[in-house]
1. I want to verify a result. In a Gaussian network model of the chain, Cα cutoff 10 Å, which of these has the top mean-square fluctuation: Glu172, Glu125, Glu235?
2. Step by step: find N for the stretch 225-294, compute 2.2 N^0.38 Å, then divide the Cα radius of gyration by it. What's the final number?
3. Where does helix 236-245 land angle-wise versus the long Cα axis of the chain, in degrees 0 to 90, nearest 10?
4. Which whole-Hz ³J(HN,Hα) couplings does the stretch 22-37 yield from phi under the Karplus relation 6.51 cos²θ - 1.76 cosθ + 1.60, θ = phi - 60°, glycine and proline marked x?
5. Tell me the net charge near Met83. Cut-off is 14 Å between Cβ atoms, Met83 excluded, with +1 for each Lys or Arg and -1 for each Asp or Glu.
6. Looking only at Asn119, Asn198, Asn284, which one moves most when the chain is put into a Gaussian network model with springs between Cα atoms under 10 Å?
7. Can you give the convex hull volume per residue for the Cα atoms of the stretch 2-221, as a whole number of Å³?
8. Please go through the residue pairs Lys15/Lys307; Lys142/Lys208; Lys111/Lys142 and name each one whose alpha carbons sit more than 22 Å apart in this structure.
Amino acid sequence: MFDIEIKDISKSFDKGTIKALQDISLTVKKGELFGLIGSDGAGKTTLFRILTTLLLADKGTAKVLGFDVIKDYRKIRSSVGYMPGKFSLYPDLSVEENLNFFATIFNTTVKQNYNLIKNIYVQLEPFKNRKAGALSGGMKQKLALCCALINHPKILFLDEPTTGVDTVSRKEFWEMLKELKKEGITIFVSTPYMDEANLCERIALIQKGEILTIDTPKKIEESYPKPLFEIKSSEMIRLLDELKTIPEIDSVFSFGEFHHISFAENKNIHKEIEILKQKLSSLNFEDIEIHEIKASIEDSFIELMNKQQRNEY
Ligand SMILES: Nc1ncnc2c1ncn2[C@@H]1O[C@H](COP(=O)(O)OP(=O)(O)O)[C@@H](O)[C@H]1O
Ligand SMILES: [Mg+2]
């Protein structure tokens, strides 16, 4: 039923001064596309390394495909695919040589698993003699994915596969993941990009080694706790600075062509808005527009992160 079961995992570095993971618990179902979303330093890679048996946790237990990460590490290593965040290929070997090399490590051949990688590999084939180090970011990422798939894994661990990759390649990459999911492969993927959260079936938001929430993207959006507004006027930068100084405003951040704001007091929200509009007019802002909106996943995340920072969490 569960392909990943993590219970109370903690890990610290530098004699306990850096708490990379604190009491992490989560489960990933068989065949699920699960996203671990968090910014730099959140603890994503540490968790990936524990699950792929490359690092020992200080406490807690973790099982991958029913195998214990300590006792059964050999079984895990042979049945998972892992694409580490940092460039994992041999830059001096060609595309084809890299692929053959990874196949050999797993005691298999490229031919044996070609069906699984075919759709991805055809895009690489024109460059098969090129050294991996000379490929574009998007192409490197495709080759790394092929290498991670070469042992026909039941579960794929992809640590920030789209970091530093252009927008088009990022989109293509998520399309590839959807296809792999159809093959029944469980996918555990990390990303710092909040817009990619919506492409996962369920997500965990991780910040400073703690999980802030685990749910479907839709449920997380729906759980945003208060009315939310977008606001626009002349002088957007001055507006942002000004909004930050207004005590009635609880949160404010820039979001595309609007700023998003919520209020500390939501009982008489229409009155709050009128007062705000008057205040901004008196500060010489022009063309003020303000409307209530539905929270996006990013709004929900920012709210949860602010809550953690205020230690309400
Ligand atoms: N080998 C290590 N030695 C010391 N600190 C580490 C080590 N690995 C990770 N850390 C620290 O642990 C925290 C989490 O790091 P990491 O898991 O790499 O986060 P992420 O992958 O989300 O960016 C960071 O503060 C990082 O500096
Ligand atoms: Mg990382």
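Just so it is clear, none of the values below were taken in a lab; they were calculated from the coordinates. Worth saying up front: this structure is predicted, and the values here are computed from it rather than measured. Glycine gets a Cβ as well: all are built from the backbone with ideal geometry, and neighbour counts include every protein chain shown.
1. Glu235
2. Dividing the Cα Rg of the stretch 225-294 by 2.2 N^0.38 Å gives 0.99.
3. Computed tilt is about 70 degrees.
4. 10, 6, 7, 10, 6, 10, 10, 7, 4, x, 7, 9, 10, x, 9, 10
5. Combined, the nearby Lys, Arg, Asp and Glu give +3.
6. Asn284
7. Measuring per residue, one finds 118 Å³ for the Cα hull of the stretch 2-221.
8. Check vs 22 Å cut-off fails for Lys15/Lys307; Lys142/Lys208.
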